[in-house]
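See below for the structure under consideration.
The values are calculated or read from the model by the stated rules, or taken from the named source; none is laboratory data. Quick caveat, the model's predicted, so the values are computed rather than measured. Virtual Cβ from ideal backbone geometry, glycine too; neighbours counted across all protein chains shown. Only protein heavy atoms, including side chains, enter the accessible area calculation; ligands, DNA and RNA are left aside. Shrake-Rupley method; radii C 1.70, N 1.55, O 1.52, S 1.80 Å.
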Amino acid sequence: TSADMISEIRLHEHAGLFTGNPLLLTALCVFYLVGGKRIPDQRADLYDRIVGNLLYRRFHDPVDTEKENKVREYLMNLAFFMQTHHIKSIEACDAKDILKEHYPGPVGEGETVPVCKKRIEELFNGIEPVCGLLNRLSNGDIEFAHLSFQEFLAAKHMLDRDMDYKPYLEKGWWKEVILLYLGLLNLEM
């Protein structure tokens with residue numbers, strides 16, 4: 001199996017990125033084994049399947065059927081925010097603010113500031129160390145396990161919101177996001 005997988009990785013240049021990081025390599029191995037021992041030809045498809053698999057395994061909850069989707073939405077929002085602000089890492093408090101926008105308090109219940117802060121802290125602590133896509137830096141900041149995940153999730157954000165990619169074409173920082181966006185668009189069609 002390992003020799004076959006190594007051959008597959010050599011055939012798919014985009015999969016080589018996953019071999020330089022233990023987490024990414026593990027994700028690729030798991031995907032390879034459960035995905036029919038085949039690596040997708042398109043990089044966007046590979047990322048989509050690996051991210052989907054990671055989030056499913058870590059957040060699928062038959063009781064809370066939206067949990068996995070909410071985590072995905074948060075990560076997409078976080079990635080797009082970071083990409084828009086041209087940053088690779090973000091302070092944890094700013095990442096929590098984005099989470100607060102995504103998980104507003106109970107409507108009409110008048111949630112107090114301390115209760116809201118505690119709720120967001122618990123949500124964040126249930127996502128950040130568990131999702132497998134974020135790293136905590138020594139200074140406390142948060143970054144994606146690899147910039148390519150940030151770029152993929154930003155592209156997914158743009159596609160899911162039917163955003164126009166043309167304003168980003170001339171911006172070098174967005175090159176990979178646009179390529180992944182077009183790959184995802186191609187998969188949808």
Quiz item: Is region 38-53 home to any residue that is over 18 Å from L180 (Cβ atoms), part of a loop (DSSP other than H, G, I, E, B) and open to solvent by 70 Å² or more (accessible area, probe 1.4 Å)?
Solution: yes
Self-check item: Condition met for E121 (at pLDDT 95 or above and out of contact with any Gly (no Cβ under 6 Å at 6 or more places or on another chain))
Solution: no
Self-check item: Hits in region 146-189 - residues which are among the small types (G, A, S) and exposed (fewer than 14 other Cβ atoms within 10 Å of the Cβ)
Solution: G172
Quiz item: Within region 154-171, restricting attention to residues that are basic (K, R) and assigned to a helix (DSSP H, G or I), which residue is farthest from the chain's Cα centre (by Cα)?
Solution: K166
Quiz item: When the residues of region 1-24 are filtered to those that are outside any helix (DSSP H, G or I) and either of a type in the set (A, V, I, L, M, F, W, C) or farther than 19 Å from D45 by Cα (or both), which remaining residue is least open to solvent (accessible area, probe 1.4 Å)?
Solution: N21
Quiz item: Any idea which of L75, L28 is modelled with pLDDT under 95 and within 30 Å of L123 (Cα to Cα)?
Solution: L28
